[in-house]
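Enquirer: Mind looking over this structure? Questions follow.
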Amino acid sequence: MEPIRKGERLWRAIEDAATAVRGLPVLNADRVWDRARGVGLDELMQFDWGLVGESDGLATDLAEVAELGAVDAAAVEGRLHRIRDLMGERRRYLEIQA
């Protein structure tokens with residue numbers, strides 16, 4: 001039963017991170033942003049590519065596991081931690097730009 005519980009915990013953690021990523025804010029579309037939009041979009045794109053890279057790495061790691069008991073929970077949690085950190089940095093960047 002422990003591998004099943006571990007899998008459920010990891011699934012919830014992944015689902016929570018996915019929900020948070022889908023809910024990330026985007027640049028405001030007002031006229032003030034028009035002046036700095038180029039620089040803002042480039043920076044924002046770097047954060048987004050970081051999120052894509054970590055998410056892709058997580059998906060690859062999990063796809064290579066043949067059974068639930070073989071999942072490296074620490075590695076999954078490490079990737080989720082990096083995803084959460086990137087989301088926080090991205091949010092702070094947008095707050096500074098606003």
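Enquirer: If residue 3 meets every condition in (1) at pLDDT 85 or above; (2) more than 17 Å from the chain's Cα centre (by Cα); (3) open to solvent by less than 80 Å² (accessible area, probe 1.4 Å) apart from one, which number is that one?
Expert: Unmet condition: (1).
Enquirer: Criterion first (open to solvent by less than 60 Å² (accessible area, probe 1.4 Å), under 17 Å from residue 9 (Cα atoms) and within 12 Å of the chain's Cα centre (by Cα)) does residue 78 satisfy it?
Expert: In short, yes.
Enquirer: Counting just the residues of the range 81-93 that are free of Cβ contacts under 8 Å to residues at least 40 places away in the same chain and surrounded by 13 or more Cβ atoms within 10 Å (Cβ to Cβ), which one comes out nearest to residue 23 (Cα to Cα)?
Expert: Top of the filtered list is 86.
Enquirer: Among the residues of the range 68-98, which ones are in contact with a helix residue (DSSP H, G or I) (Cβ under 7 Å, 6 or more places away or on another chain) and not in a helix (DSSP H, G or I)?
Expert: If the condition is that a residue be in contact with a helix residue (DSSP H, G or I) (Cβ under 7 Å, 6 or more places away or on another chain) and not in a helix (DSSP H, G or I), then 71 is the only one that fits.
Enquirer: When you check residue 65 against the structure, is it open to solvent by 40 Å² or more (accessible area, probe 1.4 Å), under 24 Å from residue 10 (Cα atoms) and not in a helix (DSSP H, G or I), yes or no?
Expert: When the stated conditions are applied, residue 65 passes them.
The values are calculated or read from the model by the stated rules, or taken from the named source; none is laboratory data. Predicted model, so just to flag it, every value in this text is computed and none were measured. In this analysis, Cβ positions are derived from the backbone assuming ideal geometry, glycine residues included, and neighbour counts consider all displayed protein chains. Surface accessibility is based on the protein's heavy atoms, side chains included, excluding ligands, DNA and RNA. Shrake-Rupley method; radii C 1.70, N 1.55, O 1.52, S 1.80 Å.
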